[in-house]
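Asks: After the structure tokens below, expect a handful of questions from me.
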Amino acid sequence: MTVIGAGFPRTGTSSMKAALERLGFGPCHHMFDVGSDADRARRWAPLADGDTVPDWEHVFEGFRSAVDWPASFFWRQLADRYPDAKVVLTVRDPDAWFASMRTLITNGPARLQSEKLAPEMAGLMENMMTTRPLLERMIREGLGSDRPFGEVPDEKDTIAAFERHTATVKESLPPERLLVFDVREGWEPLCRFLGVDVPAGEPFPHLNDSKVMQQSIDRMMQGEKVGLPFHP
């Protein structure tokens, strides 16, 4: 593991996955890799139990970097397990982040549980159910929410959890090992931190914004195969 993402979902993690893979730090693990791969989902499932000691080599077999939940939920354990890996904390405006999380929850888990799904969605639904206990743990411990799975958590409490997480990561790692990064900053700070050249003439990838996510979920609900991470 060479790069560990410590940012919450909806902080540009899809863009980070694409950027890290473009820079040679891939494959990069993302929640999409769990939802689209039954074996990967089964590897994560035991971590719903907080007492389980993970075999990280098995969990991340085939990957050189990781962003988004579930990996970023375990950022501290991963930073200890891979002391030479650098850590990137993706951030964004807290209010915009919560609005994006609300869109994700209402158009993702809530719809998957309430609407009639196309047969092609069976695998994704099965993988989500495999990891549901872990997702519930991450929401409970990461966001401080005890609301039922698929319900939008309290805005004030969730934003407070987001800000606590950002502060905790900043306080826990030395500055030479941590980059606090807003994907709107583009290639330069990320490449400088990782010690690689900026891709000449290439825009920084910007994938999976809220509008694209909604459109992609609509298409998936109808059984259409959609690229992951979501993009047009």
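The values are calculated or read from the model by the stated rules, or taken from the named source; none is laboratory data. In this text the structure is predicted, and so the values were computed from the model without any measurement. Backbone-built Cβ (ideal geometry, glycine too); neighbour counts: all protein chains shown. These area figures cover heavy atoms from the full protein model, side chains too; ligands, DNA and RNA do not enter into them. Shrake-Rupley method; radii C 1.70, N 1.55, O 1.52, S 1.80 Å.
Asks: Here are some conditions: (1) of a type in the set (Gly, Ala, Ser); (2) open to solvent by less than 10 Å² (accessible area, probe 1.4 Å); (3) farther than 16 Å from residue 134 by Cα. Residue 96 meets all but one. Which one does it not meet?
Replies: (2)
Asks: Can I ask one more? Can you pull out the residues in region 146-159 that are surrounded by fewer than 19 Cβ atoms within 10 Å (Cβ to Cβ) and either free of Cβ contacts under 8 Å to residues at least 12 places away in the same chain or hydroxyl-bearing (Ser, Thr, Tyr) (or both)?
Replies: Of the residues in region 146-159, the ones surrounded by fewer than 19 Cβ atoms within 10 Å (Cβ to Cβ) are 146-152, 154-157, 159.
Those that are surrounded by fewer than 19 Cβ atoms within 10 Å (Cβ to Cβ) and either free of Cβ contacts under 8 Å to residues at least 12 places away in the same chain or hydroxyl-bearing (Ser, Thr, Tyr) (or both): 146, 147, 148, 154, 156.
Asks: Could you give every pair whose Cβ atoms fall below 6 Å, whose first residue belongs to region 72-88 and is in contact (Cβ under 8 Å) with a residue 60 or more places away in the chain and within 20 Å of residue 9 (Cβ to Cβ), and whose second residue is in a helix (DSSP H, G or I) and of a type in the set (A, V, I, L, M), counting only separations of at least 6 or pairs across chains?
Replies: Qualifying pairs under 6 Å: 73/138; 87/79.
Asks: I've got another one for you. Restricting to region 89-105, name every residue that is assigned to a helix (DSSP H, G or I) and touching a residue at least 40 places away in the same chain (Cβ under 8 Å).
Replies: Initial filter on region 89-105 (assigned to a helix (DSSP H, G or I)): 94-105.
If the condition is that a residue be assigned to a helix (DSSP H, G or I) and touching a residue at least 40 places away in the same chain (Cβ under 8 Å), then 94, 95, 97, 98, 99, 100, 101, 102, 103, 104, 105 are the ones that fit.
Asks: Here are some conditions: (1) in a loop (DSSP other than H, G, I, E, B); (2) touching a Pro at 6+ places or on another chain (Cβ under 6 Å); (3) open to solvent by less than 30 Å² (accessible area, probe 1.4 Å). Residue 63 meets all but one. Which one does it not meet?
Replies: All conditions are met except number (3).
Asks: Quick check on region 78-86. Is at least one of its residues in a loop (DSSP other than H, G, I, E, B) and surrounded by 20 or more Cβ atoms within 10 Å (Cβ to Cβ)? Talk me through it step by step, then tell me what you get.
Replies: Restricting attention to region 78-86, the residues satisfying the condition of being in a loop (DSSP other than H, G, I, E, B) are 82-85.
This time we only want the ones that are surrounded by 20 or more Cβ atoms within 10 Å (Cβ to Cβ), so: none.
There is no residue in region 78-86 that is in a loop (DSSP other than H, G, I, E, B) and surrounded by 20 or more Cβ atoms within 10 Å (Cβ to Cβ).
Asks: Moving on to the next point. Considering each residue of region 25-53, count those that are open to solvent by less than 40 Å² (accessible area, probe 1.4 Å), of a type outside the set (Lys, Arg) and either more than 18 Å from residue 127 (Cβ to Cβ) or within 15 Å of the chain's Cα centre (by Cα) (or both), and give that number.
Replies: The qualifying residues number 11.
Asks: Residue 141 - would you say it is at pLDDT below 80, open to solvent by 70 Å² or more (accessible area, probe 1.4 Å) and assigned to a helix (DSSP H, G or I)?
Replies: no
Asks: I'm checking my understanding of the structure. Among residues of region 160-183 that are touching a residue at least 40 places away in the same chain (Cβ under 8 Å) and assigned to a helix (DSSP H, G or I), which one is nearest to residue 205 (Cα to Cα)? Please lay out each step first, then the result.
Replies: Taking region 160-183 first, the residues touching a residue at least 40 places away in the same chain (Cβ under 8 Å) are 162-163, 165-166, 169-170, 172-173, 177-183.
Now narrow it down to the ones that are assigned to a helix (DSSP H, G or I): 162-163, 165-166, 169-170, 172, 183.
On the way: 162: 24, 163: 25, 165: 25, 166: 23, 169: 25, 170: 25, 172: 29, 183: 9 Å.
My answer is 183.
Asks: Anything in region 32-70 that is aliphatic (A, V, I, L, M) and free of Cβ contacts under 8 Å to residues at least 24 places away in the same chain? List them, or say none. Explain how you work it out, then say what you get.
Replies: Of the residues in region 32-70, the ones aliphatic (A, V, I, L, M) are 34, 38, 41, 45, 47-48, 53, 59, 66-67.
Those that are aliphatic (A, V, I, L, M) and free of Cβ contacts under 8 Å to residues at least 24 places away in the same chain: 53, 59.
Asks: Right, something else. In region 164-203, what residues are touching a helix residue (DSSP H, G or I) at 6+ places or on another chain (Cβ under 8 Å), over 21 Å from residue 78 (Cβ atoms) and either surrounded by 13 or more Cβ atoms within 10 Å (Cβ to Cβ) or of a type in the set (A, V, I, L, M) (or both)?
Replies: The answer is 187, 198, 199.
Asks: Residue 68 versus (1) in contact with a His (Cβ under 6 Å, 6 or more places away or on another chain); (2) in a helix (DSSP H, G or I): which is the lone unmet condition?
Replies: That leaves (2) as the condition not met.
Asks: Tell me whether region 2-17 contains one or more residues that are more than 24 Å from residue 143 (Cα to Cα), of a type in the set (Ser, Thr, Tyr) and surrounded by fewer than 20 Cβ atoms within 10 Å (Cβ to Cβ).
Replies: Yes, that holds for at least one residue.
Asks: Looking only at region 42-60, count how many residues are out of contact with any Leu (no Cβ under 9 Å at 6 or more places or on another chain) and either β-branched (Val, Ile, Thr) or in a helix (DSSP H, G or I) (or both).
Replies: The qualifying residues number 6.
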